[in-house]
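Contents: one structure, followed by commentary.
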Amino acid sequence: MKDLLTVGTVAFDSIETPYGKAEMVIGGACTYASYAASYFTDRINLVSIVGDDFPQSEMEALEDKGVNLKGLEIKENAKSFFWAGKYHENMNKRDTLTTDLNVLDDFNPVLPEEYKSSKYVMLGNITPELQTQVLDQLDGTQRLIAMDTMNFWMDIAWDELMNVISRVDILTINDEEARQMSGEYSLVKAAYKIHELGPKFLVIKKGEHGALLFADDQIFYAPALPLSQVYDPTGAGDTFAGGFMGYLAKTDDVSFDNMKRAVIHGSAMASFCVEEFSIKRLKYLRDDEVVSRVRKFKQLTHFDL
């Protein structure tokens, strides 16, 4: 088992879906990823920033899951990052109602010395400039570096984004972002073009339609688990990334076959995330529930020829 470094936002969200509302609940890419990873490893190093409005109880809950918070900056007399959004009936589309950067506006991530040798790294969806700052502080002994991004950075920070992508091993994006980045509609052609930018592996997230893993001429597809009810898809992609990287850090095996297993474990964690608002479901999972959910994915896709 190796250390996993998670970098991103720890924040507040206000969420409205067709099934209810949740005001000022805990969110943030780093939060979701760290909770998901905690079911596979207790060696998680978190880097983020919050204001002094962030509850001490929530920081303690993360620490109870094995998350090292030495890299969490707490800024006095300041507010934490806040996002508010409303989901449409099909839950695939959402409207951003509010984005208050607050402390994130002047975030300067500084890695504690013990973080710099983390063998697995998950760069959450923050500015390419901040992702670069983190990469520049690593000691170069990493086994695998993954990053997430979004179309917003493609629109306003293309050159900086391309620089970061050239330095990582895995890129995780959704299907629309893959098409925008590559200029190709076919996801297979898109994957080939994105590989040329640097990443050896590409994970394309397709929401309720599962996820695709690409590496050279190899492709693996994992479906999403059919659920009777989806309450809140916020953070599902970050939860997937956390489960994916947490499993890799646990097994310390970066072969394509093991990455396929990591995709299934990440998908399993994402399926829990959407069952309740915010991180509520992720906070109180039992290990046997995770094992059972992974087995359901196996049953969903297994057949004999």
The condition of being assigned to a helix (DSSP H, G or I), of a type in the set (D, E, K, R) and in contact with a helix residue (DSSP H, G or I) (Cβ under 8 Å, 6 or more places away or on another chain) holds, among 260, 298, only for 298
May I ask you to list the residues in region 189-207 that are in contact with a Leu (Cβ under 9 Å, 6 or more places away or on another chain), at pLDDT below 95 and surrounded by fewer than 21 Cβ atoms within 10 Å (Cβ to Cβ)? 206
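Can you find even one residue in region 250-261 that is at pLDDT below 95 and aromatic (Phe, Trp, Tyr)?
Initial filter on region 250-261 (at pLDDT below 95): none.
No, there is no match, as no residue in region 250-261 is at pLDDT below 95 and aromatic (Phe, Trp, Tyr).
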Looking only at residues that are in a helix (DSSP H, G or I) and of a type in the set (A, V, I, L, M) in region 1-55, which one is farthest from residue 135 (Cα to Cα)? 36
Name every residue in region 182-208 that is under 16 Å from residue 147 (Cα atoms), among the hydrophobic types (A, V, I, L, M, F, W, C) and out of contact with any strand residue (DSSP E or B) (no Cβ under 7 Å at 6 or more places or on another chain), in order of residue number. 197
Residue satisfying all of: in region 143-155; surrounded by 19 or more Cβ atoms within 10 Å (Cβ to Cβ) and without any contact (Cβ under 8 Å) to a residue 60 or more places away in the chain; farthest from the chain's Cα centre (by Cα) among these: 153
Just to be sure before I move on: is residue 290 assigned to a helix (DSSP H, G or I), more than 17 Å from the chain's Cα centre (by Cα) and either of a type in the set (A, V, I, L, M, F, W, C) or loosely packed, with under 15 Cβ neighbours inside 10 Å (or both) in the structure I sent? yes
Failed condition for residue 172, given (1) crowded, with 16+ Cβ neighbours inside 10 Å; (2) part of a helix (DSSP H, G or I); (3) touching a residue at least 24 places away in the same chain (Cβ under 8 Å), with all others met? (2)
Quick check on region 49-71. Is at least one of its residues more than 17 Å from the chain's Cα centre (by Cα), exposed (fewer than 15 other Cβ atoms within 10 Å of the Cβ) and under 13 Å from residue 233 (Cα atoms)? no
The lone exception for residue 46 - which of (1) surrounded by fewer than 18 Cβ atoms within 10 Å (Cβ to Cβ); (2) at negative phi it fails: (1)
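Residues checked against (1) in a helix (DSSP H, G or I); (2) surrounded by fewer than 23 Cβ atoms within 10 Å (Cβ to Cβ); (3) in contact (Cβ under 8 Å) with a residue 40 or more places away in the chain:
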| residue | (1), (2), (3) |
| --- | --- |
| 214 | no, no, no |
| 220 | no, yes, yes |
| 225 | no, yes, yes |
| 230 | no, yes, yes |
| 233 | no, yes, yes |
| 239 | yes, no, yes |
| 244 | yes, no, yes |
Residues located in region 246-296, provided they are more than 27 Å from residue 61 (Cβ to Cβ) and among the aromatic types (Phe, Trp, Tyr): 256
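Residue by residue, here is whether (1) assigned to a helix (DSSP H, G or I); (2) among the hydroxyl-bearing types (Ser, Thr, Tyr) holds:
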residue: 126; (1), (2): no, no
residue: 130; (1), (2): yes, no
residue: 141; (1), (2): no, yes
residue: 168; (1), (2): no, no
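Please work out which residue is surrounded by the fewest Cβ atoms within 10 Å (Cβ to Cβ), limiting yourself to region 259-279 and to residues that are free of Cβ contacts under 8 Å to residues at least 40 places away in the same chain and farther than 17 Å from residue 121 by Cα. Talk me through it step by step, then tell me what you get.
Taking region 259-279 as the starting set, the residues that turn out to be free of Cβ contacts under 8 Å to residues at least 40 places away in the same chain are 261-262, 272.
Within this subset, residues satisfying the condition of being farther than 17 Å from residue 121 by Cα are 261, 272.
Values: 261: 18, 272: 22.
The residue in question is 261.
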Please work out which residue is nearest to residue 68 (Cα to Cα), limiting yourself to region 1-42 and to residues that are in contact with a Lys or Arg (Cβ under 7 Å, 6 or more places away or on another chain) and aromatic (Phe, Trp, Tyr). 35
Cβ pairs under 8 Å, 6+ apart or interchain, first in region 284-302 and of a type in the set (Val, Ile, Thr), second not in a helix (DSSP H, G or I), ordered by first then second residue, are 290/39; 301/222; 301/223
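The values are calculated or read from the model by the stated rules, or taken from the named source; none is laboratory data. The structure displayed is predicted, hence computed values, not measured ones. Reconstructed Cβ throughout: ideal geometry from the backbone, glycine too, with neighbour counts over all protein chains shown.
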